[in-house]
Amino acid sequence: MGKKTPLYNKHLEKNAKMVDFGGWDMPLHYGSQINEHHQVRRDAGVFDVSHMTVIDLNGQRVREFLRYLLANDVGRLKKTGKALYSCMLNEQGGVIDDLIVYFQEETQFRLVVNAATHDKDIAWITQQAKAFAIQIRERDDLAMLAVQGPQTREKVKPLLPGNLQTSAMALAPFHASWNNDEIFVARTGYTGEEGFEMILPAQHAPDWWDALLAAGVLPVGLAARDTLRLEAGMNLYGADMDENYSPLESGLGWTVAFKPEDRDFIGRSALQAQKNQRTHQIMVGLVLREKGVLRAHQTVSVEGGGEGHITSGTFSPTCGFSIAFARLPAGVHEQATVTIRNKQLPAQVVKPPFVRHGKTCIDL
């Protein structure tokens, strides 16, 4: 038996197919992965993401600490509520985890990290924080819901406390607003659609779930979450990056702040050397031109005899064809060949995302 979120019984009430995910019992789907996928692209769906870890960091040197801990630069966070996506690296430049950090006040920042990396994340952050006198508080008293889709704002607004309705609806992407610990609303998500991620006391999560469903927001499981994030060009930790690969090898070079040059962060030297050499592997998008499905670990060949492999692949319900991320040798690639069941099938190299605002943005 895995760990259970505060919404476990709600999932059973909806006849969810439950699976183990990072040690948690989580809903894979509620009957139809495809229907749930389209629900998010066309209307609004809600995900239980309470398995993710919320960490509050406090201290006089917390900003200084995070500028050292993370590859992206929290020095950019000047406005209260502003958020930043970043990788947390080891000394070799490998990705320990990817996360979102929120600036709440000068002595407090909030991190949201992945469930499967919980233990090593906590250990690493605790180890690195010692020199900065940072207080680390894991918020296992909180739950987290992600409401995503073009109708999200319309359906969520009436449910928010009056003092949050105006501020939450006015949020720019990657900003958050909150009412103490009653509810924390962020305009972030993992689907590429309009939406909010809401952090709230665990005991209130079932009531919020019921209210969202009553408002016409439908529950969505992990299966659709995976196809949605891949269409949106978003990496999955453990598949598209891990401690063996740097952000530069994982299509996440844009998340590394090399400037200012005097900012030292963990893994900087290794990344700088990799960047200077320009021989590291790269991450690209792939589109299959023929019938078939791109899957993780399939071999990808490019002109000149180089080989790589698919890290994430699926059939895209929105596009109507198969899409993937692949890690390939350094170079400029336009075409590739994928080995699927001993057949060599042509694939087009593209730049993700594959879907934007619910529409396919790849021309075949």
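Residues that are among the acidic types (Asp, Glu) and under 24 Å from residue 252 (Cβ atoms) within the range 329-364 comprise just one, 334.
Tell me which residues, restricted to the range 268-301, are in contact with a helix residue (DSSP H, G or I) (Cβ under 9 Å, 6 or more places away or on another chain) and either assigned to a loop (DSSP other than H, G, I, E, B) or under 15 Å from residue 87 (Cα atoms) (or both).
Answer for the range 268-301, where residues must be in contact with a helix residue (DSSP H, G or I) (Cβ under 9 Å, 6 or more places away or on another chain) and either assigned to a loop (DSSP other than H, G, I, E, B) or under 15 Å from residue 87 (Cα atoms) (or both): 271, 280, 281.
Filtering the range 79-93 to residues that are in contact with a strand residue (DSSP E or B) (Cβ under 9 Å, 6 or more places away or on another chain) and either in the same structural domain as residue 172 (by TED's automatic domain parsing) or not aliphatic (A, V, I, L, M) (or both) leaves 79, 80, 81, 82, 85, 86, 87, 90. Within the set of pairs 6 or more residues apart or between chains, which connect a residue that is under 16 Å from residue 245 (Cβ atoms) inside the range 255-273 to a residue that is charged (D, E, K, R) and assigned to a loop (DSSP other than H, G, I, E, B) with Cβ atoms less than 9 Å apart? Note: pairs meeting the criteria are 266/91; 267/91; 270/91.
Of note, residue 219 satisfies the criterion of being over 21 Å from residue 98 (Cβ atoms) and crowded, with 21+ Cβ neighbours inside 10 Å. Here the condition is being crowded, with 20+ Cβ neighbours inside 10 Å and either farther than 29 Å from residue 104 by Cα or modelled with pLDDT of 95 or more (or both); of 211, 202, 186, it holds for 186 alone. The C-beta contact set for the range 133-154 (first residue closer than 12 Å to residue 208 by Cβ and in the same structural domain as residue 40 (by TED's automatic domain parsing), second residue of a type in the set (Val, Ile, Thr) and assigned to a helix (DSSP H, G or I), distance under 7 angstrom, 6+ apart or interchain) comprises 147/156.
Remark: pairs (first residue in the range 184-208, assigned by TED's automatic domain parsing to the domain that holds residue 165 and without any contact (Cβ under 8 Å) to a residue 40 or more places away in the chain; second residue surrounded by fewer than 23 Cβ atoms within 10 Å (Cβ to Cβ) and acidic (Asp, Glu); Cβ separation under 9 Å; 6+ apart in sequence or on different chains) = 187/194.
Of all residues in the range 107-117, those satisfying the criterion of being closer than 13 Å to residue 22 by Cα and crowded, with 21+ Cβ neighbours inside 10 Å are 113, 117.
Is it the case that some residue within the range 106-118 is part of a helix (DSSP H, G or I) and either touching a Leu at 6+ places or on another chain (Cβ under 9 Å) or modelled with pLDDT of 95 or more (or both)? Yes, the conditions are met somewhere in the range 106-118.
Against the test of being surrounded by 15 or more Cβ atoms within 10 Å (Cβ to Cβ), among the β-branched types (Val, Ile, Thr) and part of a loop (DSSP other than H, G, I, E, B), the options 311, 318 yield a single qualifying residue, 318.
When the criteria are applied in full, residue 205 meets the requirement of being assigned to a helix (DSSP H, G or I) and under 20 Å from residue 21 (Cβ atoms).
Strands (runs of 3 or more DSSP E) wholly in the range 11-65 with at least 1 residues that are surrounded by fewer than 17 Cβ atoms within 10 Å (Cβ to Cβ), more than 18 Å from the chain's Cα centre (by Cα) and modelled with pLDDT of 95 or more - which ones? Quick ask: steps written out before the conclusion?
Details: elements: 17-21, 24-29, 45-48, 53-58.
Those strands (runs of 3 or more DSSP E) span 17-21, 53-58.
The values are calculated or read from the model by the stated rules, or taken from the named source; none is laboratory data. Note that the structure is a prediction, hence the values are computed from the model and not measured. Positions of Cβ are backbone-derived with ideal geometry, glycine not excepted, and every protein chain shown enters the neighbour counts.
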